[in-house]
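*Asks:* Starting off with a structure, shown below.
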Amino acid sequence: KLRTCLCSWIFSTSYQYNTSSIIYEGNKQIEEDGFYDKLSSDYLFLKTDYGLSNNLTFSLATGYHIRKALHIKDEDSTNSSSGFGDLIFLPRYSLYNTLNNSIRTEITLGIGLKIPIGSHNDSIEIVPNVWELIPPTIQLSTGGNDLIIYSSFLKNNNKKKIRFFVNTLYIKKGYNSLNDKFGDYASLSLYTGKSFLDNWGITLQIKGEWVGKLS
């Protein structure tokens, strides 16, 4: 018998540049007397999705920190790092997928892992033969193995070219070799959009986030 292979590959990449002069130590914002005055980062994100079937997709992603830097106040110097951060493996399965009168409805669930491949305990020499860990903010990884739980709901009207999308993400953080555990993370994102012509459209996003405490 002949069989049709529905397998497909999707490769994607994105670049992010971030900078901020608001720096926290724990839950307290560092004021004017702080040692650092600015954080900046250049980040390249790489991702590939492999569709094993119409319902099952394997996703593998990683990120390369071109430069993560904390700028020292009143000095022309920084503490910085660069390199790969984490490897993210997130299989997703479409629990419900139907098309009815040009309206597509889909519910997807994903469960995966974030595995650290970058360092979380790099240090610098502050005086001869005295070393100190660089701040966690500019370490390449948190160093813990994290559990990722993802879900999404899609409603797409192909005829009217209107779509509504909701996704949730929860990351259960793990302890690293320093016995530190970064706060768990949760987010809820709502998207609605409409397409115009063949290649143009507009999308509105509302996103809420929660981050637990460091322990």
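The values are calculated or read from the model by the stated rules, or taken from the named source; none is laboratory data. Just so we're clear, the structure is a prediction, and the values are computed from it rather than from any experiment. Every residue, glycine among them, receives a Cβ derived from its backbone with ideal geometry; neighbour counts consider all protein chains shown. Just so you know, the surface numbers come from the protein's heavy atoms only, side chains and all, with ligands and any DNA or RNA stripped out. Shrake-Rupley method; radii C 1.70, N 1.55, O 1.52, S 1.80 Å.
*Asks:* Just the residues that are of a type in the set (S, T, N, Q), surrounded by 15 or more Cβ atoms within 10 Å (Cβ to Cβ) and outside any strand (DSSP E or B), please, taken from the stretch 148-194.
*Replies:* Asn176
*Asks:* Now a separate question. Working only within the stretch 52-70, note down all residues that are buried (at least 16 other Cβ atoms within 10 Å of the Cβ) and over 18 Å from Ile115 (Cβ atoms).
*Replies:* Hits for the stretch 52-70 are Thr57, Lys68, Ala69, Leu70.
*Asks:* Now a separate question. Restricting to the stretch 122-147, name every residue that is over 17 Å from the mean Cα position of the chain (by Cα), of a type in the set (Asp, Glu) and surrounded by 11 or more Cβ atoms within 10 Å (Cβ to Cβ).
*Replies:* Within the stretch 122-147, Asp122, Glu132 qualify.
*Asks:* Continuing with this model, one more query. Out of Ser141, Ser177, which single residue is under 26 Å from Tyr43 (Cα atoms), in contact with a Pro (Cβ under 7 Å, 6 or more places away or on another chain), among the hydroxyl-bearing types (Ser, Thr, Tyr) and in contact (Cβ under 8 Å) with a residue 40 or more places away in the chain?
*Replies:* So the residue among Ser141, Ser177 that is under 26 Å from Tyr43 (Cα atoms), in contact with a Pro (Cβ under 7 Å, 6 or more places away or on another chain), among the hydroxyl-bearing types (Ser, Thr, Tyr) and in contact (Cβ under 8 Å) with a residue 40 or more places away in the chain is Ser141.
*Asks:* Which pairs turn up if I take residues in the stretch 40-57 that are without any contact (Cβ under 8 Å) to a residue 60 or more places away in the chain and look for partners that are open to solvent by 60 Å² or more (accessible area, probe 1.4 Å) and assigned to a loop (DSSP other than H, G, I, E, B) with beta carbon separation below 9 Å, at least 6 apart in sequence or on another chain?
*Replies:* Pairs found: Gly51/Leu6; Leu52/Leu6; Ser53/Leu6; Asn54/Leu6.
*Asks:* Report, ordered by the first and then the second residue, all pairs with beta carbons closer than 9 Å, sequence separation of six or more or different chains, a first member in the stretch 71-90 that is hydrophobic (A, V, I, L, M, F, W, C) and open to solvent by less than 60 Å² (accessible area, probe 1.4 Å), and a second member that is part of a loop (DSSP other than H, G, I, E, B) and modelled with pLDDT under 85.
*Replies:* Close Cβ pairs (under 9 Å, with a partner that is part of a loop (DSSP other than H, G, I, E, B) and modelled with pLDDT under 85) amount to Ile72/Phe35.
*Asks:* Only one of these is over 15 Å from Gly144 (Cβ atoms), out of contact with any His (no Cβ under 9 Å at 6 or more places or on another chain) and modelled with pLDDT under 90: Ser77, Ser102. Name it.
*Replies:* Ser102
*Asks:* Same structure again: Please tell me if Ser119 is closer than 30 Å to Arg67 by Cα and open to solvent by less than 70 Å² (accessible area, probe 1.4 Å).
*Replies:* yes
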